[in-house]
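The values are calculated or read from the model by the stated rules, or taken from the named source; none is laboratory data. The shown structure was predicted, so the numbers you read here are calculated from the model rather than taken from an experiment. Here the Cβ positions follow ideal geometry from the backbone for every residue, glycine too, while neighbour counts run over all protein chains shown. Only protein heavy atoms, including side chains, enter the accessible area calculation; ligands, DNA and RNA are left aside. Shrake-Rupley method; radii C 1.70, N 1.55, O 1.52, S 1.80 Å.
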Amino acid sequence: MKNNIVTLREVLKDAEAGHYAVGSFSPRYTPLIGPILNVAQKNSSPVIVQISQRELTLYGITPGEFAGEFYKCVEEKDITVPVVLHLDHTKEINLIKKAVDAGFKSVMIDASEKKLDENIAITAAVVEYAKKFGVSVEAELGKIGTTDFVESDNDEEMYTVS
């Protein structure tokens, strides 16, 4: 694996130190991964390529298929800028494990619909698993809203219950 495939933690740490933003793009289906990587390379810009649990389901893609296309594009296009393969808003630990096993370098557990103590326990279990593989973890502990109904079925904000 190329050493420019990094975690979300790494790319954001560098961005903060360098005072720049990092674009995060959800291709939603695999033919769009290559163009996103091409533009990042052309502009010498780090990039986050992500997909969520709902998008995987909606477009009938497995984490392995998505990761496979990502890594194929990185190799074939000789991408050298820092890139993150991120699994966004995911509610199921088993899906996160499949993504980590497929080569995702960053995952997000969204247990915000659970009571706070249960959310923390679920998040801790994800962190424990991901840590063994050097994968960074993002967690949803507060509210989320929606603008496109991809991550949520309605436009009501959901809160972690304490």
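At a glance:
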quantity	calculated
Antiparallel bridges, percent of DSSP beta bridges restricted to the chain (to nearest 5)	5 percent
Listed residues VAL135, VAL84, VAL22, most fluctuating in the chain (Gaussian network, C-alpha, under 10 Å)	VAL22
Along principal axes, Cα extents of the chain, largest first, whole Å	47, 31, 30
Probe 1.4 Å, accessible area per residue of the stretch 14-94, Å²	50 Å²
Evaluated at q = 0.20, 0.23 Å⁻¹: base-10 log I(q)/I(0), Debye formula over Cα of the stretch 66-131	-0.78, -0.93
Value of relative contact order over the chain, rounded to a whole percent, pairs C-alpha under 8 Å and six or more apart	21 percent
The chain: angle of helix 33-42 to the longest principal axis, Cα-based, in degrees nearest 10	60 degrees
In the chain, lysine pairs with alpha-carbon atoms under 16 angstrom apart (chain gap of 8 or more, or interchain)	18
Positive-pole candidate from LEU87, THR123, SER44, dipole of the chain, charges at beta carbon	SER44
Dipole in debye (nearest 20) - the stretch 1-152, about Cα centre, beta carbon charges: Lys, Arg +1; Asp, Glu -1	200 debye
Exposed trypsin sites (Lys or Arg not before Pro) absent - longest run of the chain, DSSP non-H/G/I/E/B, at most 15 other C-beta within 10 Å	3-76
Between the stretch 97-128 and the stretch 8-53, the Cα center-to-center distance that results, in Å	21 Å
Within the stretch 1-90, chymotrypsin sites (Phe, Trp or Tyr not before Pro) in DSSP loop having at most 16 other beta-carbon neighbours inside 10 Å	TYR20, TYR29
